[in-house]
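All remarks here apply to the structure that follows.
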Amino acid sequence: MSFYKLQKVKKYLNKNLFKEFITFSKASYFSLILFTLKANENLQFCVDYQKLNAIIKRNYYFLSFINEVINKIVDCKHLTQLNIILTFNKL
């Protein structure tokens, strides 16, 4: 990897660690990174999540499960509102 690309990786990681979009991990898997050239000659940092997606366990819920959840919250006095955009960016 060239020095310029290495600097881009460090800058990307430091910026996103500071924003808490990413965190340190001791996981046994990893994702490859690559750079694409943008139209304005800058480098775009890209992460290849194919291997990570292959080991993720998918959860599928049927509509009957959704109905059970709705029935449980009908009598609730307090509900929490979730900020989906903020939560997604912290994943």
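Structure above, values below:
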item: Table column - 3J(HN,Hα) (Hz), the stretch 19-36, Karplus curve with 6.51, -1.76, 1.60, x for Gly and Pro; result: 6, 6, 6, 10, 9, 5, 9, 10, 5, 8, 10, 8, 10, 6, 10, 8, 10, 10
item: Within a Gaussian network of the chain (alpha carbon springs, distance under 10 Å), most fluctuating of 52, 79, 17; result: 79
item: Rounded to 10°, Cα long-axis angle of helix 3-18 versus longest principal axis of the chain; result: 30
item: Check: the stretch 3-90 dipole with +1 on Lys, Arg Cβ and -1 on Asp, Glu Cβ, in debye; result: 380
item: Helix axis angle, 63-73 relative to the chain longest principal axis, alpha carbon, degrees; result: 70
item: Candidate lysines for bridging to residue 10, where Cα separation is under 16 Å - those fewer than 8 sequence places away on the same chain excluded; result: 19
item: Net charge of Cβ neighbours under 15 Å - reference residue 35; Lys, Arg +1; Asp, Glu -1; result: +3
item: Exceeding the 30 Å Cα-Cα cut-off - candidates 15/72; 15/77; 5/51; 26/72; result: 15/72; 15/77; 26/72
item: Partners for residue 8 among aspartates and glutamates (Cα-Cα distance below 16 Å; same-chain residues under 8 apart left out); result: 41
item: Share of pairwise Cα separations in the chain, more than 24 Å, in percent; result: 48
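Read-outs throughout are calculated quantities, based only on the coordinates presented, and are distinct from any laboratory measurement. Predicted model, so just to flag it, every value in this text is computed and none were measured. Note: ideal-geometry Cβ built from the backbone for every residue, glycine included; neighbour counts use all protein chains shown.
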